[in-house]
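First up is the structure itself, then whatever we jot down about it.
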Amino acid sequence: MNHRFREQSDNQHTLRPSRTPPGLSTKIMALIGKVALVTGAGQGLGKGFSDILLKNGAKVALLDINENIGENTRADFGKGYGEDRVCFFTCDVASVEQLEDAFQKTIERFGRINIMSNNAGILNETNWEKMVAVNLNAVIRGTYLALQHMKKDTGGEGGVIVNTASLAGLGFLLTVPVYTATKHGVVGFTRAVAGASEESGYGVRINALCPGLVKTALLDSTSERHGQFAHLSHLSKEVVKKCGILEVPVVAEGFLQLVMDEGKNGAVMKITHEDAFQKTIERFGRIHIMSNNAGIMDETNWEKMVAINLNAVIQGTYLALQHMKKDTGGEGGVIVNIASMAGLAPFLIFPVYAAAKHAVVGFSRSVADASMMSGYGVRINTLCPTAVSTPLLGAVADEKKNGPFSHLFNLIGDTAKLRKIEVPAVAEGFLQLVTDEDKNGAVMVVKEEGCSYVDFPKEFMLDLKAHIP
Ligand SMILES: NC(=O)c1ccc[n+]([C@@H]2O[C@H](COP(=O)([O-])OP(=O)(O)OC[C@H]3O[C@@H](n4cnc5c(N)ncnc54)[C@H](O)[C@@H]3O)[C@@H](O)[C@H]2O)c1
Ligand SMILES: CCCCC[C@H](O)CC\C=C/C=C/C=C/[C@@H](O)[C@@H](O)CCCC(=O)O
């Protein structure tokens with residue numbers, strides 16, 4: 001299934017026009033050396049958020065009320081990312097003293113705080129006062145404490161706060177009215193305090209994340225957790241059926257966007273299943289062939305180019321695998337990822353385009369082997385055409401899209417004179433990769449002379465077995 005990261009806009013209730021354009025802005029917060037504090041980090045979403053922050057170079061203080069799971073997670077991350085980059089503090093976020101103490105200890109350990117994730121949350125409609133204390137009051141307190149440490153007017157370095165709300169913070173769930181209230185509270189508080197921080201020149205962005213149902217322990221519901229409306233729990237099951245269940249890493253990607261995108265303040269990101277795959281299945285019953293073809297050429301807006309030309313190809317491949325792989329009831333199939341000759345050779349003036357396309361080649365060849373070894377019955381091939389006569393090539397002649405090497409623009413000369421092949425020739429090659437059942441991990445070049453397969457030199461093969469003593 002596909003997923004949708006969408007910024008929620010609510011014109012009627014927006015106090016002023018949103019200052020953040022939809023999609024990624026060009027200013028990205030670098031995470032290397034940044035210090036993050038994540039609550040409820042022992043498992044579930046908090047663990048996923050911590051993981052993605054560590055993966056991107058941040059140091060993370062994990063906070064959780066459960067010492068056992070917190071310590072285990074710290075040990076895992078310590079092994080994977082280095083003991084000096086992660087620590088754990090036992091902390092009940094509903095306790096003012098414990099939360100303040102955890103901030104202090106984080107500063108003592110890492111010297112500062114740049115990123116705060118107010119994520120800890122529970123589902124308990126019976127002890128609803130406790131739920132309000134954890135899901136709402138502690139988010140407010142965590143935000144205020146983080147602001148105190150980060151705000152620039154009192155010597156802080158600025159930073160970003162991401163509050164975990166829920167889709168139930170935008171809509172409602174009949175079985176969990178108080179949970180719904182706490183999450184609406186988080187959304188409202190976040191939007192208001194984000195505006196206040198901006199007006200006050202604090203240099204701290206504050207955003208809210210609203211995922212639908214996510215596969216975590218929070219969903220192991222008991223009737224006690226559903227309180228007096230437990231008899232309506234069949235209605236929750238209907239919601240689950242309608243919404244589907246998200247995986248933690250998908251939500252973590254959305255979280256990372258809210259952290260890194262310097263253009264986002266007061267943003268409310270909704271994460272639900274995108275229904276492109278679902279709609280295709282509803283219409284045709286199944287999917288056998290996936291072509292990850294969408295791409296752009298823009299060295300100036302290179303982050304966006306990487307997101308489309310590489311990240312989306314990875315995402316599309318994984319989603320297609322989920323639907324097609326035989327071990328979970330799929331019928332098998334084939335995925336063809338569209339790279340370029342620039343995925344095999346250096347490309348003057350377009351180095352990031354070349355990097356993304358090289359990565360598509362490497363990713364597709366690796367995942368093709370992995371799919372075969374896993375018995376998925378899904379082949380994955382790559383197509384590398386030379387210059388094709390389509391509007392994409394307009395970028396070559398567009399100085400604005402040439403990025404830092406636009407001074408070499410004149411070397412290209414007249415693009416009309418560029419040697420190009422036509423779309424049907426590329427389509428022929430594409431069809432071969434789809435239909436030839438012997439081709440998996442194949443990389444096909446399409447040039448004026450026709451189609452040929454790349455024969456990678458044997459010395460560049462990674463023989464894993466040879467590396468195991
Ligand atoms: N799972 C979902 O479907 C879903 C959907 C939308 C939003 N959320 C929200 O995501 C957040 C994380 O939930 P999850 O799904 O990862 O749940 P989870 O139960 O897997 O993890 C929650 C973590 O928070 C910790 N925690 C609980 N109370 C705490 C407290 N008082 N102080 C410190 N830590 C505490 C727990 O020990 C646990 O490690 C919550 O705010 C939840 O409301 C969850
Ligand atoms: C009983 C399980 C409780 C889990 C709570 C989690 O936080 C997950 C909440 C997930 C789904 C909530 C769904 C709400 C659905 C409707 O109200 C929906 O129509 C909301 C749409 C909101 C919008 O699109 O703006």
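The values are calculated or read from the model by the stated rules, or taken from the named source; none is laboratory data. The structure presented is a predicted model; accordingly, all values stated were derived computationally and were not measured. Here the Cβ is made from the backbone with ideal geometry for all residues, glycine too, and neighbour counts use every protein chain on show. Only protein heavy atoms, including side chains, enter the accessible area calculation; ligands, DNA and RNA are left aside. Shrake-Rupley method; radii C 1.70, N 1.55, O 1.52, S 1.80 Å.
Of note:
- From the Kirkwood radius over Cα pairs of the range 21-80, Stokes-Einstein at 25 °C and 0.890 mPa s returns a whole-number translational diffusion coefficient of 201 µm²/s.
- Scaled radius of gyration (Cα, divided by 2.2 N^0.38 Å) that the range 299-425 gives: 1.22
- Most simply put, the chain has about 20% antiparallel DSSP beta bridges, counting only bridges with both residues inside it.
- Calculated P(r) of the range 164-209 - Cα pairs past 12 Å, %: 58
- With θ taken as phi - 60° and the Karplus curve 6.51 cos²θ - 1.76 cosθ + 1.60 applied, the whole-hertz 3J(HN,Hα) list for the range 397-405 is 8, 9, 3, 5, 9, 8, x, x, 9 Hz, x standing for glycine and proline.
- Coarse-grained scattering of the range 390-445 at q = 0.16 Å⁻¹, given as base-10 log I(q)/I(0) from a Debye sum over alpha-carbon atoms: -0.68
- Counting protein heavy atoms only, the chain has 55 percent of its accessible area on carbon and sulfur, 1.4 angstrom probe.
- Peptide packing for 263-273, 452-462, 435-445 was compared via the average number of neighbouring C-beta atoms within 10 Å per residue; ordered from the highest value, the list is 263-273, 435-445, 452-462.
- Shape index of the range 354-466: Rg/Rh, with Rg the Cα radius of gyration and Rh the Kirkwood radius from the inverse mean 1/r over Cα pairs, equals 1.05.
- As a length-normalised measure over Cα pairs under 8 Å and 6 or more apart, the relative contact order of the chain settles at 13 percent.
- Cα-based radius of gyration of the range 203-348 once divided by 2.2 N^0.38 Å, which approximates compact folds: 1.34
- For the chain, Kirkwood radius (reciprocal of mean inverse C-alpha pair distance, Å): 24.5
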